[in-house]
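Working notes, structure below.
The values are calculated or read from the model by the stated rules, or taken from the named source; none is laboratory data. Keep in mind the model is a prediction, meaning the values are calculated, not measured. Cβ coordinates were reconstructed from backbone atoms using ideal geometry, including for glycine residues, and neighbour counts include every protein chain displayed. These area figures cover heavy atoms from the full protein model, side chains too; ligands, DNA and RNA do not enter into them. Shrake-Rupley method; radii C 1.70, N 1.55, O 1.52, S 1.80 Å.
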Amino acid sequence: MMCIEETNLHESREEMESLILDDSSNGQSHSGAKLVLNHDDPLLSSSSSFMDPQNPNSISILSSHASFNAFLDPPSYAEAIFTSFDSSSNGHDQIPLFSSSNSNPRSSDYLQISVSDPQKEQELSNSLVPGGTTYYTYLITTRTNLPEFGGSGSEFSVRRRFKDVVTLSDRLSESYRGFFIPLRPDKSVVESQVMAKQEFVEQRRVSLEKYLRRLAAHPVIRRSEELRVFLEAKGKLPLPKSVDVASRVIDGAARLPRQLLGEEAIDVNEVAQPAKGGRDLLRMFRELKQAVSNDWSSVKPVVVEEDKWFLEKKEKLMEFEQELSNVSQQAELLVKAQQDMGETMGELGLAFVKLTKFETEEAVFDSQRERAGDMKNVATAAVKSSRLYRELNGQTVKHLEKLHEYLGIMLAVNNAFSDRSSALLTVQTLSSDLASLHLKIEKLEAASAKIFGGDRSRLRRIEELKETVRATEDAKICAEREYERIKENIRSELERHDKERHDDFMSMLRGFVVNQAGYAEKMANVWETLAEETNAYVKDGS
């Protein structure tokens with residue numbers, strides 16, 4: 001029984017989708033308009049193309065279901081024009097899909113990126129079976145007038161695979177710690193196996209294009225050397241590739257004995273990067289110990305987070321993220337409700353079409369024919385409303401999509417906060433290491449002083465510790481510089497985020513409200529017209 005109902009529902013939706021509310025192109029008369037059926041997309045078809053040029057009032061019979069429609073004489077289809085109410089063509093100020101916050105820092109600057117033409121290619125290495133490994137590359141086209149890319153009128157294209165995008169993302173994360181770097185698309189291995197191949201490739205193309213455009217919209221990242229190389233360099237991407245976790249752990253395990261024996265000094269350059277990844281296991285263990293000590297020890301670290309402005313901002317952003325998630329969920333429910341309403345209204349219109357056909361064919365008395373005429377008007381209004389709901393839903397998704405974009409931005413914000421916490425932990429760990437080294441030196445010096453002439457082994461050990469102290473102090477200075485740099489980056493990003501959020505949300509709300517009001521008015525006009533057409537019938541009934 002359930003299968004039969006689902007089959008009927010599917011068939012009725014196809015019939016509803018094929019309904020064309022046709023009218024004369026001049027829009028002067030309603031009497032010549034007919035409801036016709038067409039298997040083509042009604043939203044892409046021109047109503048005038050279905051009329052007989054010799055007889056503009058004729059009915060086009062374009063499907064086996066056309067027998068439903070000879071009885072219908074709807075109002076003008078011009079009342080159901082499918083355009084956005086926030087566009088200039090409707091008499092309203094135009095609301096851009098992306099606010100000014102996503103535009104270039106200077107109005108004259110532009111960096112336009114498009115991703116197209118996915119092509120399947122053969123992996124030439126790392127495959128035991130010939131022809132066993134394939135991948136897709138994408139044509140990335142850039143148009144810009146930025147001096148970093150060659151100045152005015154520059155246009156160039158390169159081919160990149162998804163692995164190259166991963167490399168770009170990793171290099172940006174290393175070089176621009178503290179910035180709100182847009183998150184790259186996920187690898188989606190499971191989706192690639194479940195979804196149809198072409199559908200997956202197209203989704204990835206769209207997601208890559210959005211990602212690269214977000215990078216191009218960032219006032220700092222857009223001028224980065226990493227992005228320039230990615231967009232310009234022909235052939236193989238010349239950026240250093242990311243080392244997999246297993247290789248890093250093996251490398252770190254090989255270094256660990258030398259570090260414990262003091263045979264390998266601290267690399268000053270490495271402290272400017274987070275310890276995670278496995279290449280420096282000793283540093284990871286020390287920072288883990290420091291983190292546990294910060295949480296559980298009664299001893300306060302030498303360096304602590306004391307920026308009240310940042311702490312307040314962080315707390316407010318965490319609250320904002322929670323509220324944003326709630327609003328996003330409600331927006332999804334609204335979109336689903338509007339979609340259901342449109343589909344239900346379309347089903348209602350189709351049901352009245354069938355009922356009109358029955359009443360007309362079986363009519364014996366004039367009252368039955370009058371009733372059929374009113375039901376015809378209800379069917380027309382319901383189909384128009386269904387299509388208006390569908391168009392409204394598309395506009396709602398367009399504007400409220402900004403909520404989902406900001407959830408992604410909040411992930412980038414949290415990553416920047418993690419960079420700050422990681423840098424602070426490195427400074428705290430090095431400060432604790434220095435305190436521990438100084439304590440060891442003091443104890444050895446005290447013990448050596450008790451022996452006449454000193455203890456040569458202890459003196460040698462003291463000199464080794466002092467050398468370690470000097471290296472650790474240099475590393476601490478470097479870590480403190482990195483920490484201050486990240487703090488400054490986050491401060492500037494938070495100020496930018498506040499301004500862009502204001503502009504983006506004002507644009508989103510204005511577009512959403514204008515469309516809701518506009519389409520509500522449009523649908524009200526449809527039903528008011530129906531009420532006027534049935535007014536005489538209502539008076540007769542009273």
*What nm distance separates the two modelled labels at residue 319 and residue 122, each placed 7 Å from Cα along Cα→Cβ?*
6.2
*Of all the accessible heavy-atom surface of region 409-505, with the other protein chains kept in place and a 1.4 Å probe, what percent is carbon and sulfur?*
53
*So for region 146-185, what are the equivalent ellipsoid semi-axes in whole Å, largest first, each being the square root of 5 times an eigenvalue of the Cα gyration tensor?*
23, 16, 8
*Measure off 7 Å from each Cα along the Cα-to-Cβ vector at residue 310 and residue 509, then give the distance between these two points in nanometres to one decimal.*
3.1
*Are any of the pairs 289/314; 187/289; 163/499; 354/384 more than 22 Å apart by Cα-Cα distance, and if so, which?*
289/314; 187/289; 163/499
*Can you pull a Stokes-Einstein diffusion coefficient for region 419-470 at 37 °C (0.692 mPa s), Rh from Kirkwood over Cα pairs, as a whole number of µm²/s?*
268
*region 361-406: C-alpha gyration tensor shape, a/c 1.5 cut-off, then a/b vs b/c*: prolate
*Listed residues 218, 404 arranged by accessible area, highest first, probe 1.4 Å*: 404, 218
*Accessible surface, 1.4 Å probe, highest first, among residues 158, 304, 513*: 513, 304, 158
_If I take R0 = 60 Å and measure r between the Cβ atoms of residue 175 and residue 517 in this structure, what FRET efficiency does the formula 1/(1 + (r/R0)^6) give, to the nearest 0.05?_
0.80
_Under-5 Å amide H pairs with residue 146, H placed in peptide plane, nonlocal only_ = 110, 151
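With a Förster radius of 51 Å, plug the Cβ-Cβ distance of residue 225 and residue 442 into 1/(1 + (r/R0)^6) and report the FRET value to the nearest 0.05.
0.60
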*For an R0 of 25 angstrom, estimate the FRET efficiency from the Cβ-Cβ distance between residue 329 and residue 414 and round to the nearest 0.05.*
0.85
_Heavy-atom accessible area order for 152, 328, 457, largest first, 1.4 Å probe_ = 152, 457, 328
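With N set to the residue count of region 386-542, report its C-alpha Rg divided by 2.2 N^0.38 Å to two decimal places.
Dividing the Cα Rg of region 386-542 by 2.2 N^0.38 Å gives 2.34.
When ligands, DNA and RNA are left out and all protein chains stay put, how many square angstrom of accessible area per residue does region 407-542 have with a 1.4 Å probe?
Ligands and nucleic acids excluded, the figure is 56 Å² per residue.
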_Residue-count net charge about residue 369 - beta-carbon cut-off 12 Å; Lys, Arg +1, Asp, Glu -1_ = -4
_Give me the one-decimal nm value for the distance between modelled label points at residue 108 and residue 488, 7 Å along each residue's Cα-to-Cβ direction._
2.8
*Report the full-extension gain for the segment residue 355 to residue 143: residue separation times 0.36 nm, less the Cα-Cα distance, to one decimal in nm.*
70.6 nm
